[in-house]
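Working notes, structure below.
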Amino acid sequence: MKRLIPFVLLILLLLAGIFAIPFLLRPESHRTEITNALTKLLKRPVVIGAISMSYWPPTLHVGKMVVMKEDGNPALQIESADAPLDVSALFHLQFLATGLQLNHWVLTTLRKADGSWDVQDWLSSSTTSSNGKTWPIQEITWKGGELHAVDPFASAPQEVVIGTMDGRLSLKQGAIMTTGVFTGLGSPAKLSFNATGQFFSQPKWSGDFQLTDQANSCTLHVDKQAGVTDIKGGSPHWALANALIFIKFYSRATAGDSSSALTLDNWQLHAHGDLGHLTFEQSAGISGGLSEVKGRVDAQASGRLAHFDVALKDIPVEAVLGVAGENIPLSGKVTAVGKDFELLLSSRTSNTFKGQGYFELKDGRYKLPDISVKKLAKAKTMPYLKKKYPDFEQNGIPVTKLTAHWQAKDGKVSIDDGFFMSMDIQAAWTGNIDIPRQGLDGTLRLQLHEKDPKLSSSIPVKYRTQPAYGRLQGTWQEWFLRAVASSKIPAATQSKLRKTINQK
């Protein structure tokens, strides 16, 4: 029994030492030390709340933590964080975390004018430490998080939110996985990401992004090797409106909602990025039609400059309007070719648009704006139009054919041979379209070839054998047509209009 007394005393001393460690360390007294270490690591001011410590397993608890941006606004807010501690380090009266769990957090990242993200700056500053031999943390987990990606430099400030984010990063195993739900733009879509490799200094990893929307899914495989990124994937069936979410956000354009009922079928994407240079190509069916886009994006000091070519065949015009961000009440099938498109993805993207191409729409319908119908009420041809299209005020007029060759520079589109046909009515138009202002201004030649004698009698005698001329001006949603005498129209303009009509 006496022999056991020293052993029992030793055990008691060890237990007393273990339980005394939290009192000796007094986590709250190390607030400044912990705050300074985090600030140095993240290169951003860090504010932490109440600090406490549990006995076994030894874990440091932080009630609240905020990482501040340079402008004083929070970049990362964490409701609570738990960090398991290295036991051997505690005996040396040191806090050495071996893991980290973030609970209920919100990360806000802003997109800069040049298209990069501010979060890249302060995250990259910690990559050296996280890959060093002295970095003790081997696993980071997160629960109930939100990522807010905000672009204040878009034509209209916009935000994408990924909520309900849970995940895990294991530096020891070289693996990361996370899940979440897109809730910012469009209909919600579930996100999952799984990857393996080295994620920080000199990243070398590969993984898969998957988006799931109801019964549809889209998968992209990403391979990143020392600055070179390769992306391949697609979807057998995906909502076009959801695809436009990312086009809108990346291009800093305003995508309309006219494509909400359309789908991408057999969509395929391949993108390759290397040192600020990205090439891409995509193909997809859209409601029975075909689409192809090929191009590149180059990083410049003023922003990302996109160059691309487009080919469309029998695509619903609603898809084109959705990409352009317009809600014009026009239907029909479009076949088009666009060459040498160029856009600077900045706050004034539409002002930088340039390119050239051909556009043809068939078997469609166009509903005139109500205010334009009112302005046409006194037109001499209005009695004829009302008889020709009894329901045009409610349902619009049929579009048999609409074509144009066009050229654009600095957001201004010029058209010399615009042609419109609606049954027995033909019109030629030459003029300019201002995309940023959604305006148009040009000269119109109207010819009526009515075959029905009853309807023909409603046409003014002059216009039964001669064309009518007018000035078409205004915006998509409010335009007006003013009659102009042919003698006041330049000969060169008349020649263009006559040539367009005769060639059709």
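The values are calculated or read from the model by the stated rules, or taken from the named source; none is laboratory data. Because the structure is predicted, anything quoted here is derived from the model rather than measured. Using ideal geometry, Cβ is built from the backbone for each residue, glycine included, and neighbour counts are taken over all protein chains shown. Each accessible area value is taken on the protein alone, full model and side chains, heavy atoms only, with ligands, DNA and RNA left out. Shrake-Rupley method; radii C 1.70, N 1.55, O 1.52, S 1.80 Å.
With the full set of protein chains in place, find how many percent of the accessible area of the chain is carbon and sulfur; take the probe as 1.4 Å.
Within the chain, the accessible surface is 59 percent carbon and sulfur.
What nm distance separates the two modelled labels at ARG471 and ASN502, each placed 7 Å from Cα along Cα→Cβ?
Roughly 2.7 nm, to one decimal.
So what are the ³J(HN,Hα) numbers for region 437-451, from phi and the Karplus equation (6.51, -1.76, 1.60; θ = phi - 60°), rounded to whole Hz, Gly and Pro as x?
Working through the residues one at a time gives 8, 6, x, 9, 7, x, 9, 10, 10, 10, 10, 10, 10, 5, 9 Hz.
Compute the accessible area per residue over the chain, keeping the other protein chains in place, probe 1.4 Å, unit Å².
Heavy-atom SASA per residue in the chain reads 54 Å².
Taking 0.36 nm per residue of separation and subtracting the Cα-Cα distance, what length does fully extending ALA299 through ARG464 add?
53.6 nm
Run the quick spin-label model on SER52 and MET382: label points 7 Å from Cα toward the beta carbon, then report their separation in nm to one decimal.
7.8
Mind checking region 154-236 for trypsin sites (Lys or Arg not before Pro) that DSSP puts in a loop (not H, G, I, E or B) and that have at most 12 other Cβ atoms within 10 Å?
Counting only loop positions with at most 12 other Cβ atoms within 10 Å, the trypsin sites (Lys or Arg not before Pro) in region 154-236 are LYS172.
With the contact rule set at Cα under 8 Å and sequence spacing of 6 or more, what percent relative contact order holds for region 147-196?
28
Could you grab the relative contact order for the chain? Cα pairs under 8 Å, six or more apart, rounded to a whole percent.
Normalised by residue count, the contact order of the chain is 6 percent.
Report, to the nearest 10°, how far helix 240-251 tilts away from the longest principal axis of the Cα atoms in the chain, using its own Cα long axis and a range of 0 to 90°.
80
Kindly write out, for region 300-309 in residue order, the coupling ³J(HN,Hα) from the Karplus curve 6.51 cos²θ - 1.76 cosθ + 1.60 (θ = phi - 60°), rounded to whole Hz, with x marking Gly and Pro.
Computed from phi, the couplings for region 300-309 are 10, 4, 8, x, 8, 9, 9, 10, 6, 10 Hz.
At a Cα cut-off below 15 Å, give the aspartates and glutamates reachable from LYS386, other chains included and same-chain residues fewer than 8 away excluded.
Leaving aside aspartates and glutamates fewer than 8 places away in the same chain, those within reach of LYS386 are ASP370, ASP424, GLU450, ASP452.
Could you give each residue of region 142-155 its phi-based ³J(HN,Hα) in whole Hz, using Karplus coefficients 6.51, -1.76, 1.60 with θ = phi - 60°, and x for Gly or Pro?
9, 9, x, x, 9, 10, 10, 9, 10, 10, x, 9, 5, 4
Can you figure out the FRET efficiency of PHE209 with SER456, using R₀ = 41 Å and their beta-carbon distance, to the nearest 0.05?
My answer for the efficiency is 0.10.
Once both labels are modelled 7 Å past Cα along the beta-carbon direction, what's the SER217-LYS232 spacing in nm?
1.9
Probe radius 1.4 Å, ligands and nucleic acids left out: which of SER457, SER350 has the largest accessible area, and how do the rest follow?
Most to least solvent-accessible, the answer reads SER457, SER350.
Between VAL373 and ARG482, 0.36 nm times their residue separation minus their Cα-Cα distance comes to what?
Taking 0.36 nm per residue and subtracting the Cα distance, the gain is 38.0 nm.
Normalising by the residue count of region 453-504, find the relative contact order in percent from Cα pairs under 8 Å and 6+ residues apart.
21
If I stretch the segment between ARG31 and MET177 completely, what's the gain in nm (0.36 nm per residue apart, minus their alpha carbon distance), one decimal?
Taking 0.36 nm per residue and subtracting the Cα distance, the gain is 49.4 nm.
Under 11 Å from a label point 7 Å along Cα→Cβ of HIS270: give me every residue in region 213-233 with its amide N that close.
Backbone N within reach: 231-233.
Roughly how tilted is helix 31-42, in degrees to the nearest 10 and between 0 and 90, from the longest Cα axis of the chain?
40
For ASP363, ASP340, give me the order by solvent-accessible area with a 1.4 Å probe, most accessible first, ignoring ligands, DNA and RNA.
ASP363, ASP340
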